[in-house]
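Nothing in this text is a laboratory measurement; each read-out follows from the coordinates by a stated rule. Keep in mind the model is a prediction, meaning the values are calculated, not measured. Backbone-built Cβ (ideal geometry, glycine too); neighbour counts: all protein chains shown.
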Amino acid sequence: MLVREAMTPPRLLLAEDTRLKEAAAAFVRTGVQAAPVIGPSGKLCGIVTEIDLLRDRLEADPRASIAPRPAPESPLPRRISDVMTRQVITTTEVGDVAELAQRMYHARIRCVPVVREGTVIGMVCRRELLRAYARPDTRIRDEVLTALSVRGPYTRGWDVRVADGVAHLSGRNGHTPAEESLVASIARMVPGVSRVVVESG
């Protein structure tokens, strides 16, 4: 599955000079988990998350501790530029979702901007990846069959069974390794397919 099949349009874009209170209200209003930060040129220059907005913004409640807590010495951050991450992990619309999911897992990030020549054209968050994975097996099977049926005579006549996202393709005797590789590649393009098993004969 390609990134363009999982991404959603960016629901919130912020400027570097946006005040944190204003950004927090926009997060609540749009329900986003992260928002790209756009520079004066209109290009991506950073990203900000929910937890970034909360950093140093909540005062300690004295009822939670007997010992007094020292007052913070550093000035409060006030604008997006004070809290945003400038080194942003990005992807492109033709990126591989499986590879992106691994990058997100290892980096422990929730959302990744999709960029085209530096301009944000979409977002991929964990929610979108879960939505693809959670697609019903029956729907995945139907789409695999449709994809195979329109590709030509070498990809027709296969039985398809999908269980927990694993697509099992059963063909008659006489299929060449090249044909088996072709049908497996086509099946892997269908959103929700997590593995492909080709069973010939």
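Treating the angle as unsigned and between 0 and 90°, give the value, to the nearest 10°, between the Cα long axis of helix 20-30 and the longest Cα principal axis of the chain.
30
Put +1 on the Cβ of each Lys and Arg and -1 on the Cβ of each Asp and Glu in the chain; which of 147, 9, 133 then has its Cα farthest toward the positive end of the dipole?
Highest projection toward the positive end goes to 9.
What is the helix-to-structure angle for 137-149, meaning the angle in degrees between its Cα long axis and the longest Cα principal axis of the chain, kept from 0 to 90 and rounded to the nearest 10?
Tilt relative to the chain: about 50 degrees.
What residue among 100, 177, 20 has its Cα farthest toward the positive end of the dipole of the chain, where the charges are +1 on Lys, Arg and -1 on Asp, Glu, each on the Cβ?
Sorting the options by dipole projection puts first 20.
Using only the Cα atoms of segment 137-200, what are the Rg and Dmax in Å?
Final numbers for Rg and Dmax: 10.3, 29 Å.
Say we join alpha carbon atoms closer than 10 Å with springs in a Gaussian network model of the chain; which of 131, 69, 156 then has the biggest fluctuation?
In this elastic network of the chain, the residue with the biggest mean-square fluctuation among 131, 69, 156 is 69.
State the volume of the convex hull built on the alpha-carbon positions of the chain, expressed per residue in Å³ and rounded to an integer. Provide the component values of the computation, followed by the final result.
Details: hull volume 33.6 nm³, N = 201.
Hull volume over Cα atoms, normalised by residue count, gives 167 Å³.
Lys and Arg at +1, Asp and Glu at -1: add these up for the other residues within a Cβ distance under 15 Å of residue 130 and post the number. Intermediate results must be reported in sequence, preceding the final value.
Values: positive: 110, 126, 127, 131, 135; negative: 5, 128, 164.
My count for the surroundings of residue 130 gives +2.
Taking the DSSP beta bridges in the chain as the whole, what percent of them are antiparallel, to the nearest 5?
Values: 20 of 29 bridges.
Percentage antiparallel, nearest 5: 70.
Restricting attention to the chain, give the cysteines that have no other cysteine Cβ less than 4.7 angstrom from their Cβ.
Lacking a cysteine Cβ partner under 4.7 Å: 45.
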